[in-house]
1. Label points 7 Å out from Cα along the Cβ direction at Asn217 and Leu160: separation in nm?
2. Among 15-24, 112-121, what's the highest-first ranking by average C-beta atoms within 10 angstrom per residue?
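What follows draws every value from the coordinates through simple rules; no lab data is involved. Bear in mind the structure is a predicted one, so any value in this text is a computation, not a measurement. Cβ coordinates were reconstructed from backbone atoms using ideal geometry, including for glycine residues, and neighbour counts include every protein chain displayed.
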Amino acid sequence: MGKETTEEIKKSKKREFYNGFSLPFRGLKLILQHFSLVKLAILPVIINIGCFALLYFPGMYIYETYIFQAIPPDIAWYWEFLYQLFYVLKIIFVLLISAIICFLLFSTVGGILAAPFLDALSERAEFIILKRKEETPFSLKLLFLDIVVILAQEAKKLFLWMTFTIITLPLMLIPLLGQVLFFIPNAILAAYFLGLGFIDFSVSRRRHDKKQRKTFNNNNLWMILGLGGAVYMTILIPLAGFLCLPICTVGGTLLFCEQATKEELKFQRPDLKKEQKLLDGMINS
């Protein structure tokens, strides 16, 4: 009986992880079905393309200049061979640097710059997912407060993430095994924090306290890891990464709206009494 229960738990975790992993695809589908979401999703994509271009092309210019300066004007056959070798290494270097840049941009810089637009996208997606009959009146003050809360949470996660990475960095000194021991826990932590980042728009709007956040995160751990795993893989692909922020924001909103309890769906802000009244009507209907 105990063995069957354990197997059922494992199957349940796998199913939750798969469901979380599929959320970005569901997010993309929802965006394509509603033009109002498409309009809000365009600007974050443009911001990320701009961030990528600002770092990528200057970096490639510097690299190209360095390589050409290293080759004499009168190129002998061995210099030609060396140049071709450098060219292959450059391609590998470009792929690695592109992956790192994309990862940093889409998880930090791009997310911060696009946060106001992603928050608006998440709120509009909630309106569609929860089938509200009336939209919340726009307020620049509330939007600003939402962004402050979101950025504070992002800064906290980034600090914890960087601290853990630095602490585990000495493992890289151990041949082979050290790289595995370093990569696996860091990849899991990265997936977890990336998943949290995309549900934080819905959570932060409701001003959930630390205890409520912890409860929700623990109850939906495997779905969060699945969502974060999908994000982690997507942002390492430059072209796919440009679409990552909006589709994963809607994916994270889907996760929260579908998994949150009635109590967790409630807002805790006195400045959103009207929105809570609308939400209560939707929950009780």
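1. 0.3 nm
2. Result, highest mean Cβ count within 10 Å first: 112-121, 15-24.
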